[in-house]
Amino acid sequence: MSFIEIKHLRKEYGDSVPLKDVSIDIGKGEVIGIIGPSGTGKSTFLRCLNRLETPTSGSILIDGEDVCRPDADLAKLRRRMGMVFQSYNLFPHMMAAENIMRPLQSLLGVSAEDAYDEAMQQLARVGLDDKARLYPDELSGGQRQRVAIARALAMHPDIMLFDEPTSALDPGMVSEVISVMKDLSQTGLTMLTVTHDMRLAKEVSERVLYMDQGGIYEDAPAAKIFEDPSGERTRDFIFDIRSWRYTLSAKSRDMREMLSSLDDFCRRTYMSKKQAVNCRLAAEELAVSRLLTDIDAHPDHSFGVTVDYCEESGETKLLVSGSHLPEKGEPVSDAILADAAERLPDDEKGRAVFGIICPADEK
Ligand SMILES: Nc1ncnc2c1ncn2[C@@H]1O[C@H](COP(=O)(O)OP(=O)(O)O)[C@@H](O)[C@H]1O
Ligand SMILES: [Mg+2]
């Protein structure tokens with residue numbers, strides 16, 4: 001018998017069916033990442049597990065106990081399952097230590113002294129014992145999230161659920177949360193982490209579930225999912241994460257939108273600052289100096305910019321394709337791209353393609 005056994009789990013809200021039919025076995029101490037497009041039921045899945053939601057049908061056995069039964073002991077269930085959300089949900093008027101002590105005192109009836117000792121122990125575990133007396137607004141986002149993790153750990157759960165724990169954080173603070181989660185993953189805790197952050201999914205989990213359209217579409221070791229996924233939808237999803245595309249045409253040439261979308265992509269992939277700046281300058285330069293002027297002369301033409309990022313090598317490849325790009329030998333841009341751009345074979349539509357490779361550099 002597996003530690004967690006889920007059979008034909010289904011959740012409906014009226015006409016909307018975020019979870020169609022999920023069956024999965026999870027072993028004790030397994031560290032699982034859950035990825036997939038938005039709105040495919042990932043959060044609903046976690047919320048059914050700790051019974052913040054009542055499943056419409058199916059069963060969830062935890063350690064042999066059916067937590068979907070009407071008489072299930074939900075208070076006990078939630079004590080053994082810590083949950084960490086995107087927004088830390090700390091009480092702003094309480095110091096870090098008090099935020100951890102309060103649920104121990106009110107839910108478990110632990111004495112103030114014992115709750116304090118426990119809070120200090122858990123804060124030490126996430127590297128924040130020197131911040132016990134600070135209020136949430138005196139902590140950085142990463143530190144707040146670590147306090148939220150410490151608060152969940154103080155209940156001594158054997159399962160931890162994380163729902164996008166890094167998505168509200170500035171990129172600079174993601175590493176400290178990943179590092180804490182990595183440490184936790186070595187302690188025998190069973191962990192399920194929903195995330196859009198591929199670095200988190202990759203570095204923390206052994207097994208990754210790709211969810212799509214209310215079901216588990218692929219379930220494989222992390223390395224397999226990221227390097228050689230079997231399913232077509234998984235492949236498309238992983239490709240989209242590493243690659244950014246934008247098309248400018250006479251009808252649609254919102255430079256601001258293009259650049260802010262590119263900035264988002266650079267942040268998501270943890271590109272170095274220098275690479276992000278290079279990509280931005282290159283895209284801007286091309287769009288303004290070459291492409292947009294051509295678009296006016298040829299309203300039927302469009303130009304696409306693609307950025308591919310390789311996590312393994314850290315290399316960034318910026319591809320520009322279009323039918324009115326400069327001729328061979330002519331530098332794509334005088335200021336930034338001179339010498340950097342390489343003319344690549346034409347694309348399948350016979351359009352010229354230029355590539356700019358930005359090597360990895362120090363973050
Ligand atoms: N309480 C709710 N009432 C109605 N629909 C909901 C509720 N919670 C989630 N949904 C719907 O279920 C779908 C899946 O949501 P969710 O589990 O949050 O997806 P994900 O976490 O993968 O982005 C969404 O289309 C959402 O609108
Ligand atoms: Mg969600």
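We did not get these values from a lab; they are worked out from the coordinates using the rules stated. Just so you know, these numbers come straight off a predicted model, no measurement behind them. Glycine also receives a Cβ, built like all others from the backbone with ideal geometry; neighbour counts cover every protein chain displayed.
Quick check: residue separation of SER111 and GLU138 times 0.36 nm, minus the Cα distance between them. What number comes out in nm?
Numbers: separation 27, 0.36 × 27 = 9.72 nm, distance 2.68 nm.
In short, 7.0 nm is gained.
When peptides 68-79, 100-111 are sorted by average Cβ neighbour count within 10 Å, with the highest value leading, the order is 100-111, 68-79.
Electrostatic tally near SER230: other residues with Cβ closer than 15 Å to its Cβ, Lys and Arg +1, Asp and Glu -1, net -3. Each Lys or Arg adds one and each Asp or Glu subtracts one; over the other residues with Cβ under 11 Å from the Cβ of GLY188, this totals -1. Our coupling estimate for segment 208-214, obtained by passing each phi through the Karplus curve with A = 6.51, B = -1.76, C = 1.60 and θ = phi - 60°, is 10, 9, 9, 9, 7, 6, x Hz, Gly and Pro reported as x. Modelled spin labels at ARG80 and LYS28, positioned 7 Å past Cα toward Cβ, are 1.0 nm from each other. Between ARG69 and VAL288, what is the FRET efficiency for a Förster distance of 51 Å, r being their Cβ-Cβ separation, to the nearest 0.05? Plugging the Cβ-Cβ distance into 1/(1 + (r/R0)^6) gives 0.20.
Taking the mean number of other Cβ atoms within 10 Å as a proxy for protection, how do you rank 29-36, 200-207, 114-121 from highest to lowest?
Numbers: 29-36: 22.9, 200-207: 20.6, 114-121: 17.9.
For the peptides 29-36, 200-207, 114-121, the packing ranking is 29-36, 200-207, 114-121.
Listed cross-link partners LYS182/LYS273; LYS131/LYS182; LYS224/LYS317; LYS42/LYS202; LYS182/LYS274 are compared with a 19 Å cut-off, the Cα-Cα value being larger for LYS182/LYS273; LYS131/LYS182; LYS224/LYS317; LYS182/LYS274.
May I ask for the net charge around ASP212, where only other residues with Cβ less than 15 Å from the Cβ of ASP212 are counted and Lys, Arg are +1 while Asp, Glu are -1? Let's see the in-between values first.
Numbers: positive: LYS20, LYS42, ARG233, ARG235; negative: ASP21, GLU218, ASP219, GLU232, ASP236, ASP240.
Once all neighbours under 15 Å are counted, the net charge is -2.
Under 18 Å from a label point set 7 Å out along the Cα-to-Cβ vector of ASP158, the amide N atoms of segment 171-213 belong to 185-192.
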